[in-house]
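Trainee: Below: one structure in structure tokens.
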Amino acid sequence: MTLAPSSPERAAPHDADAERYVLGSVLIDRDAIYKIADVLRVGDFYVGRHQRIYATALELLERRERIDPLTVQMELERREELDRVGGAAYLRELVAQVPVSVEIERHARRVRSRSLLRRLLAAARDIAADAYDEPTDIAMTLDRAEQRIFALRDEATNAQLRHIKAALETNYEQISDRLDHPYELSGISSGFREIDLYTEGFTRGDLVVLAARPSVGKTSLALGIAYQAARLGTGVLVFSLEMDVKQIVTRFLGLTGQANILTLRTGGDVLDTSAADALTRLPILIDDTPGISVMELRTKARRAMSRMSTPVGLIVVDYLQLMRTGDEEENRVQEIATITRNLKSLARELDVVVVALSQLSRAAGDAGHEPKLSTLRECVTGDTLVMLADGRRVPIRRLEGEEPEVVSIDRDGRLTTARSDRIWSVGIRPVFEVRLASGRAIKATAEHRLFGFSGWKRVRELRIGDRLAIARRAPEPTNAQSWPNDHLALLGQLIGDGSYLQGQPMRYTNEDQDNLDLVATTARSAFGAKVTRYDHPQYGRWSQLLISGNGNRWHPAGVNAWLRDLGVFGQRSSEKRVPSCVFGLSNEKIAVLLRHLWATDGDICVRHQGSRGGERVYYATSSRGLAFDVAALLLRFGIVARIRCVSQGRYAACYHIDVSGTEDQRRFLGSIGAFGPRARPASALTVRLDGRRSNTNVDTLPIEAFATVREVMASRGITPRVLATMRGIPNGGRAQCQDSSPSRRLLAEFADLLDDDQLRAVATSDLYWDRVVAITHCGEEEVFDLTVPTTSLWLADGIVSHNSGAIEQDSDVVIMLWRGGEETVPGAPKLIKGSIAKNRNGPTGIFELYFEAEQARFFSRAREDDLPV
């Protein structure tokens with residue numbers, strides 16, 4: 001079905017004259033661009049050549065270069081776009097048309113308004129196209145239509161940057177109003193003095209999380225807050241996913257009158273008609289759709305905002321864990337994160353307070369003990385290395401306050417990149433170290449989640465022998481940097497066998513002639529250094545190069561200045577590191593560095609056929625940091641190295657980075673290669689591995705993978721005997737799906753035979769399944785929060801790590817409830833303790849309320865004569 005236009009095609013809304021005025025103003029006035037850069041985007045221009053000219057001006061602005069006809073012309077020439085905009089003649093024409101630029105802002109608003117009209121037309125066409133496609137999910141189609149229109153509305157009213165003077169004037173008015181009404185709350189009252197004391201009333205646009213273990217009274221408190229808000233004239237929406245509308249109304253009747261809600265449900269009490277009449281006049285809407293999705297909730301909330309005579313100011317959601325996103329999320333944890341983000345967005349969009357109830361697990365603490373905010377949050381220690389999209393590995397504490405682009409994993413187990421939310425410090429928390437068989441480790445709180453084959457596992461749930469996912473490769477940066485090969489070769493040699501300490505001569509010691517010649521030649525030719533060689537026959541073939549001509553501590557030069565710029569000068573052997581900027585290089589350049597690093601303290605061993613130990617490729621260093629740097633660089637080539645700490649008696653420990661397994665050793669030889677003393681054994685190992693079939697017992701999949709195979713077989717009606725026949729294995733039977741860890745090659749074979757995409761994705765994913773070898777309590781440390789909204793995970797130096805606590809991070813206020821440990825007289829109100837555990841705009845602290853079970857309502861203990869709410 002197609003949509004035919006009922007009238008002749010009309011040109012899309014635009015104003016070419018206004019576009020020309022804006023561009024001419026930018027070309028003649030160097031300050032004009034600052035007046036419109038935050039208002040106009042490239043796409044706001046309708047004429048194609050105007051888009052190119054404006055994009056060029058923005059590029060110059062980004063580079064902090066002068067914007068005038070000449071610089072714009074030169075930049076367009078560099079981008080080979082000058083002819084496409086009409087040449088230098090058109091730029092001169094734009095300048096000639098604008099004598100002064102005083103009207104640029106008015107014309108910019110005109111260009112912007114026409115752009116919004118074009119977007120409105122595009123949204124209408126998309127909505128019409130969706131409708132003509134006759135979708136089966138009407139609710140999703142309607143929500144998509146609403147989102148398009150609301151997005152345009154938000155775009156049209158998007159707040160601009162305001163000078164602090166204007167913000168101060170607004171703030172001064174608010175402060176003056178507070179002084180005139182000192183005892184009035186600034187936000188929506190909770191109805192309880194104890195809570196309002198901390199919050200000053202809930203602020204519109206905030207997400208308030210009310211958390212407690214089951215049967216503590218969070219629903220009663222939320223309905224009490226809703227009732228009080230409605231009674232004071234605020235429209236209220238209640239989305240109840242746990243109780244139906246009859247139960248909710250009964251709860252409200254208990255709040256309004258003196259009726260016992262139990263007898264109301266059983267018919268043993270007379271309905272208080274005056275209470276019912278009072279309730280009918282309150283601006284409260286109730287929705288009891290079970291399992292409502294975020295999309296449905298948003299749609300109903302928007303509809304209520306436009307239809308209710310009393311403006312809606314409060315939305316109650318009971319409760320978070322019963323909601324769903326409506327999409328096929330990878331796991332429930334990720335789904336909850338999506339829900340909380342959407343509820344916060346809804347609060348901002350509709351300018352309302354959203355009170356979302358959250359159920360705490362038993363990990364929140366026993367009765368009588370305060371649940372901690374960390375129950376809603378899982379974090380990692382400050383030394384955790386975050387893998388960034390630009391190739392660097394940066395400790396999370398150094399990223400505090402930033403929103404970096406990080407390496408992540410998509411739903412199919414493939415590497416991707418994603419933008420994280422702002423990283424922040426959470427505070428001091430008890431932490432545990434999880435160490436893996438590959439030598440990698442992560443320190444995190446007990447509730448932090450790591451990825452297992454069957455889903456996310458909290459640190460406290462892990463056991464020795466569990467399999468966890470790490471990345472089997474690291475992506476090459478999109479905009480990889482490049483260095484001269486001789487610089488990289490020299491750096492690799494110096495990290496391995498060089499000495500560049502403060503206050504001492506720079507030296508390089510080695511026994512291989514190729515290594516010595518390379519260091520001497522590069523130091524002289526690339527850095528102008530003087531190199532003097534000293535041979536020491538008493539120590540065999542060892543020779544030392546003295547590299548001088550490097551200036552002094554006040555005026556460093558040559559190799560000295562270079563190493564200082566790289567941030568590695570002065571490092572002792574046990575402190576040596578690969579400079580962080582190296583991780584931004586291309587794989588080709590990193591191969592040069594590793595090749596020369598291996599020529600110093602690396603080794604390639606090829607033993608005689610049949611001898612014990614076989615072949616070995618490894619690098620040895622006394623620096624733990626360097627060991628993990630090398631392992632991270634090898635990951636760029638798909639090599640998952642194993643890091644071992646080797647004890648050397650009374651000497652400092654040594655770290656070995658092993659490249660084991662036929663496939664990884666082949667990758668090393670083919671992608672990195674060898675130099676100097678490693679060249680001959682590398683050639684021998686290449687011959688030895690030629691034609692050999694890999695048979696590793698390390699790079700395997702968890703045993704649960706066979707359960708997935710059996711499920712697929714059952715769905716297709718294929719028995720083990722039939723599968724054996726398909727594989728050409730006589731009498732194979734069940735032995736082929738036995739209880740052992742399968743190789744990736746075997747699972748790929750099953751995937752092809754069963755033609756199953758899920759098995760194929762598992763067999764070919766970018767995940768390597770490491771094994772937990774130790775879990776150790778490490779005391780308390782400062783921990784940090786990192787959340788990736790899109791993928792909900794990130795890589796902690798290769799270890800697949802879940803987002804931190806999304807519920808706590810997205811919320812503005814967190815209220816915790818728990819039962820006090822005090823005994824109460826039967827029939828008397830129970831003491832319930834609470835805390836404002838988080839308050840983005842105010843203080844936190846403890847409060848106490850009484851709970852009356854017969855009316856299922858809370859009341860304040862602040863004064864003896866307080867009336868129940």
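The values are calculated or read from the model by the stated rules, or taken from the named source; none is laboratory data. Please read these numbers as outputs of a predicted model, since none were measured by experiment. With ideal geometry, Cβ positions are generated from the backbone for all residues, glycine too; neighbour counts draw on all protein chains shown. In case anyone asks, the SASA skips ligands and DNA or RNA and just uses the protein heavy atoms, side chains included. Shrake-Rupley method; radii C 1.70, N 1.55, O 1.52, S 1.80 Å.
Trainee: Quick one: in segment 378-434, which of the residues that are part of a strand (DSSP E or B), in contact with a helix residue (DSSP H, G or I) (Cβ under 7 Å, 6 or more places away or on another chain) and open to solvent by 10 Å² or more (accessible area, probe 1.4 Å) is farthest from Gly798 (Cα to Cα)?
Mentor: Arg429
Trainee: Mind checking which residues of segment 751-772 are surrounded by fewer than 18 Cβ atoms within 10 Å (Cβ to Cβ) and touching a strand residue (DSSP E or B) at 6+ places or on another chain (Cβ under 7 Å)? Spell out the reasoning first.
Mentor: Applying the first criterion (surrounded by fewer than 18 Cβ atoms within 10 Å (Cβ to Cβ)) to segment 751-772 yields 752-753, 755, 757-758, 760-761, 764, 771.
Correct list: Arg771 only.
Trainee: Here are some residues: Asp318, Asp288. Which one is closer than 22 Å to Asp244 by Cβ, touching a Ser or Thr at 6+ places or on another chain (Cβ under 8 Å) and surrounded by fewer than 19 Cβ atoms within 10 Å (Cβ to Cβ)? It would help to see each step written out before you state the result.
Mentor: On the way: Asp318 fails: surrounded by fewer than 19 Cβ atoms within 10 Å (Cβ to Cβ).
Answer to the selection: Asp288.
Trainee: Within segment 520-537, can one find any residue that is closer than 19 Å to Thr600 by Cα, surrounded by 16 or more Cβ atoms within 10 Å (Cβ to Cβ), under 45 Å from the mean Cα position of the chain (by Cα) and not hydroxyl-bearing (Ser, Thr, Tyr)?
Mentor: yes
Trainee: Hey, any hits in segment 659-672 for a residue that's at pLDDT below 95 and closer than 22 Å to Asp497 by Cβ?
Mentor: The answer is yes; a qualifying residue exists.
Trainee: So, one more: Contact list please: Cβ distance under 8 Å, first residue in segment 477-504 and within 15 Å of Glu588 (Cβ to Cβ), second residue surrounded by fewer than 16 Cβ atoms within 10 Å (Cβ to Cβ) and among the charged types (D, E, K, R), pairs at least six apart or on different chains.
Mentor: Final answer for the pair search is none.
Trainee: Give all pairs with beta carbons closer than 7 Å in which a residue from segment 22-49 that is over 11 Å from Glu105 (Cβ atoms) and assigned to a loop (DSSP other than H, G, I, E, B) meets a residue that is open to solvent by 70 Å² or more (accessible area, probe 1.4 Å) and basic (Lys, Arg); count only pairs at least 6 apart in sequence or on separate chains.
Mentor: Short answer, once both residue conditions are applied: Arg30/Arg66.
Trainee: Shifting gears a bit: Somewhere in segment 528-544, is a residue under 26 Å from Leu634 (Cβ atoms) and hydroxyl-bearing (Ser, Thr, Tyr)?
Mentor: No, that holds for no residue.
Trainee: Considering each residue of segment 121-138, count those that are closer than 26 Å to Phe45 by Cβ and exposed (fewer than 15 other Cβ atoms within 10 Å of the Cβ), and give that number.
Mentor: Result for segment 121-138: 7.
Trainee: Now a separate question. Name the residue, out of Thr509, Thr532, that is more than 23 Å from Leu597 (Cβ to Cβ) and at pLDDT 90 or above.
Mentor: Among Thr509, Thr532, only Thr532 is more than 23 Å from Leu597 (Cβ to Cβ) and at pLDDT 90 or above.
Trainee: Hey, another quick one. Among all residue pairs at least 6 apart or on different chains, which show Cβ distances below 7 Å where the first residue, located in segment 630-646, is in a helix (DSSP H, G or I) and the second is small (Gly, Ala, Ser)?
Mentor: Once the first residue is in a helix (DSSP H, G or I) and sits in segment 630-646, its partners that are small (Gly, Ala, Ser) give Ala631/Ala641; Ala632/Ala474; Leu634/Ala641; Leu635/Ala471; Leu635/Ala474; Leu635/Gly798.
A quick yes/no check of all residues on (1) at pLDDT below 80; (2) hydroxyl-bearing (Ser, Thr, Tyr); (3) surrounded by 22 or more Cβ atoms within 10 Å (Cβ to Cβ):
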residue	(1), (2), (3)
Leu793	no, no, yes
His802	no, no, yes
Ile807	yes, no, yes
Met816	no, no, yes
Glu823	yes, no, no
Pro826	yes, no, no
Leu831	no, no, no
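Trainee: May I ask you to list the residues in segment 681-697 that are among the basic types (Lys, Arg) and touching a strand residue (DSSP E or B) at 6+ places or on another chain (Cβ under 9 Å)?
Mentor: Arg688
Trainee: Could you check segment 644-669 and list, in sequence order, the residues that are buried (at least 20 other Cβ atoms within 10 Å of the Cβ) and farther than 14 Å from Arg473 by Cα?
Mentor: Correct list: Tyr655, Ile657, Gln665.
Trainee: Against the condition touching a residue at least 60 places away in the same chain (Cβ under 8 Å), open to solvent by 60 Å² or more (accessible area, probe 1.4 Å) and within 21 Å of Ala471 (Cα to Cα), how does Glu704 come out, does it pass? Quick ask: steps written out before the conclusion?
Mentor: On the way: touching a residue at least 60 places away in the same chain (Cβ under 8 Å): yes; open to solvent by 60 Å² or more (accessible area, probe 1.4 Å): yes; within 21 Å of Ala471 (Cα to Cα): yes.
The answer is yes for Glu704.
Trainee: Right, next: Considering segment 38-62 alone, what residues qualify as being of a type in the set (Asp, Glu) and surrounded by 17 or more Cβ atoms within 10 Å (Cβ to Cβ)?
Mentor: Asp44
Trainee: Now, a different point. Tally up the residues in segment 543-597 that are open to solvent by 50 Å² or more (accessible area, probe 1.4 Å) and among the aromatic types (Phe, Trp, Tyr), please.
Mentor: 1
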